[in-house]
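Undergrad: So that we are looking at the same thing, I have put the structure below in structure tokens.
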Amino acid sequence: MSDLVITAAHKRYGKTIALDAVSLTIAAGSRVAIVGPSGSGKTTLLRAIAGFETLDAGSIRLGEIALEDDKGPVPSHRRQIGYVVQEGALFPHMSVADNVRFGMIDPPSARGGKAAELLQRVGLPPDVGMRRPHELSGGQQQRVALARAMARSPKVMLLDEPFSALDTGLRDAIRDMVSSVLGEAGITTVLVTHDQKEALSFADRVAVMQDGRLVQAGTPEEVYLKPVNAQTARFLGDAIILNAMVQDGTAHTLLGPVRATGPSGPRTIMLRPEQVRITPATGEGQGSRGRIVARSYEGPTWRTVVEHLPDATDEMVLETASLFTISVPGPASLPAGTVVAIAVVGEAHSFPARS
Ligand SMILES: Nc1ncnc2c1ncn2[C@@H]1O[C@H](COP(=O)(O)OP(=O)(O)OP(=O)(O)O)[C@@H](O)[C@H]1O
């Protein structure tokens, strides 16, 4: 099978190290999302896979074929790799059908039929082929860009923020369409996105980059629930980060004892907001308590900021912040000022202290 294997990839621009010993294996037919802060090297990695950038060191292989190693790179047009970017980058002076036919390696007599078939596969009506790209909506243009990228029957499809210019509803629809078209064709897909929900829902595996390094790769559940450090935790969604003393699988925290991963000792723990439940406090002796200091309406949920209320007997002095934010399902919500009992469900993930 044609796994895409990146080994010890290095790329430097002047003093900036864009890729620092990046190694990643992407199984044939699978979907990987690459996420990370701005400037962490995501696009550089994609462009190196596509052959638009040359590595300073390291190798990229597609199955048995070395796309790039110490003998040099295979030119991008011979890599069997498709590339779709944010704005689609269609040729404005060509019709939609000519855009899709561009670069096809099929016999000329077959190209028209294949272009029509590809446009149909991405959900566009046949008459669209006659139009120019500027006569299409943003979502239609992204469909054409995908059809054009598929016209060379690639083994790998690289998607660089292809949905980010689209409105929310359209974005979900186009993403689902891309997902099913690429899935049916068994094409290995690498998606770069700034949207963590998109990464978690689209991909089989999520690769997290920071400062040119690949800091974690795992299933969406692994990277969301067991991130390698607090920065990754925050990058993948809202996180409550607390100091803790872990003893035999129990973290003693500001919010009371919580089951936790990791060794005993002083640790930093992470909870996802959905692990914290609040109910109106009915009296003393209910464990951890807090007061709602603010809330804002988000449609299905209320974003609710809770301030922990220290207990006179509280020995937990490790804490640095006592405010945390959670999403409370609507429609009813507790107003600011309500004193609440705080309960934690599930297990906390722990990192070395102050990671
Ligand atoms: N052609 C270039 N010349 C000089 N520096 C570059 C070039 N391309 C990228 N860089 C630098 O390399 C680093 C990685 O850039 P890259 O575009 O890969 O990051 P990214 O994670 O894709 O960022 P973003 O999310 O903002 O698109 C950045 O510091 C960037 O400024």
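The values are calculated or read from the model by the stated rules, or taken from the named source; none is laboratory data. Everything numeric here is computed off the predicted structure, so don't read it as measured data. Don't worry about glycine lacking a Cβ; one is built from the backbone with ideal geometry, like all the others, and counts go over all protein chains shown. The accessibility values were calculated without ligands, DNA or RNA, using every heavy atom of the protein model including side chains. Shrake-Rupley method; radii C 1.70, N 1.55, O 1.52, S 1.80 Å.
Undergrad: Would you call Ala28 touching a residue at least 12 places away in the same chain (Cβ under 8 Å), more than 8 Å from the ligand (Cβ to nearest atom) and surrounded by 23 or more Cβ atoms within 10 Å (Cβ to Cβ)? Break it down stepwise before answering.
TA: Values: touching a residue at least 12 places away in the same chain (Cβ under 8 Å): yes; more than 8 Å from the ligand (Cβ to nearest atom): yes; surrounded by 23 or more Cβ atoms within 10 Å (Cβ to Cβ): no.
No.
Undergrad: Quick check: anything in region 67-74 among the basic types (Lys, Arg) and in contact (Cβ under 8 Å) with a residue 40 or more places away in the chain?
TA: First pass over region 67-74, keeping only residues among the basic types (Lys, Arg): 71.
Narrowing further to those that are in contact (Cβ under 8 Å) with a residue 40 or more places away in the chain: none.
No.
Undergrad: To continue, here is another question. Every residue in region 55-89 that is within 16 Å of the ligand (Cβ to nearest atom), of a type in the set (D, E, K, R) and at pLDDT below 90, please.
TA: Matches in region 55-89: Glu87 only.
Undergrad: So which residues in region 1-25 are of a type in the set (A, V, I, L, M) and surrounded by 15 or more Cβ atoms within 10 Å (Cβ to Cβ), if there are any at all?
TA: Leu4, Val5, Ile6, Ala9, Ile17, Ala18, Leu19, Val22, Leu24
Undergrad: If I go through region 197-227 residue by residue, how many of them are within 18 Å of Pro273 (Cα to Cα) and modelled with pLDDT of 90 or more? Steps first, please.
TA: Residues of region 197-227 that are within 18 Å of Pro273 (Cα to Cα), as a first pass: 197, 200, 220-227.
Filter once more, so that each one left must be modelled with pLDDT of 90 or more: 200, 220-227.
The qualifying residues number 9.
Undergrad: Is it the case that some residue within region 116-127 is within 26 Å of the chain's Cα centre (by Cα) and buried (at least 18 other Cβ atoms within 10 Å of the Cβ)?
TA: First, the residues of region 116-127 that are within 26 Å of the chain's Cα centre (by Cα): 121-123.
Of the ones still in play, those that are also buried (at least 18 other Cβ atoms within 10 Å of the Cβ) are 122.
Yes, region 116-127 contains a residue that is within 26 Å of the chain's Cα centre (by Cα) and buried (at least 18 other Cβ atoms within 10 Å of the Cβ).
Undergrad: With surrounded by fewer than 19 Cβ atoms within 10 Å (Cβ to Cβ) and closer than 24 Å to Val32 by Cα as the only criterion, which of Leu170, Leu136 stands out? I'd like the intermediate steps shown before the answer.
TA: Details: Leu136 fails: closer than 24 Å to Val32 by Cα.
Being surrounded by fewer than 19 Cβ atoms within 10 Å (Cβ to Cβ) and closer than 24 Å to Val32 by Cα holds for just one of Leu170, Leu136, which is Leu170.
Undergrad: When region 55-66 is examined, which residues are found to be buried (at least 19 other Cβ atoms within 10 Å of the Cβ) and outside any strand (DSSP E or B)? Walk me through how you get there before you give the answer.
TA: Restricting attention to region 55-66, the residues satisfying the condition of being buried (at least 19 other Cβ atoms within 10 Å of the Cβ) are 55, 58, 60, 62.
Scanning region 55-66 gives a single hit, Leu55.
Undergrad: Hey, does region 185-198 have a residue that's away from the ligand (no atom under 16 Å from the Cβ) and at positive phi? Outline the logic, then answer.
TA: Just the residues of region 185-198 that are away from the ligand (no atom under 16 Å from the Cβ), to begin with: 185-189, 197.
Checking which are at positive phi leaves us with 186.
The answer is yes, given that some residue of region 185-198 is away from the ligand (no atom under 16 Å from the Cβ) and at positive phi.
Undergrad: Let me ask something else about it. Against the definition (more than 27 Å from the chain's Cα centre (by Cα) and among the aromatic types (Phe, Trp, Tyr)), how does Phe163 come out, yes or no? Before you say what the answer is, go through the steps one by one.
TA: Values: more than 27 Å from the chain's Cα centre (by Cα): no; among the aromatic types (Phe, Trp, Tyr): yes.
Here the answer is no, as Phe163 does not meet what is asked.
Undergrad: Also, I was wondering about something else. Considering only residues that are open to solvent by 60 Å² or more (accessible area, probe 1.4 Å) and assigned to a loop (DSSP other than H, G, I, E, B), look in region 92-113 and name the one that is farthest from Leu166 (Cα to Cα).
TA: Among those residues, the one meeting the criterion is Pro107.
Undergrad: Also, quick follow-up: If I filter region 31-54 for residues that are more than 12 Å from the ligand (Cβ to nearest atom) and surrounded by fewer than 16 Cβ atoms within 10 Å (Cβ to Cβ), do I get at least one hit?
TA: No: region 31-54 contains no residue that is more than 12 Å from the ligand (Cβ to nearest atom) and surrounded by fewer than 16 Cβ atoms within 10 Å (Cβ to Cβ).
Undergrad: Which of the residues that make up region 174-207 are in contact with a Gly (Cβ under 9 Å, 6 or more places away or on another chain) and over 13 Å from Val35 (Cα atoms)?
TA: Selection gives Ile174, Met177, Val181, Gly183, Gly186, Ile187, Thr188, Thr189.
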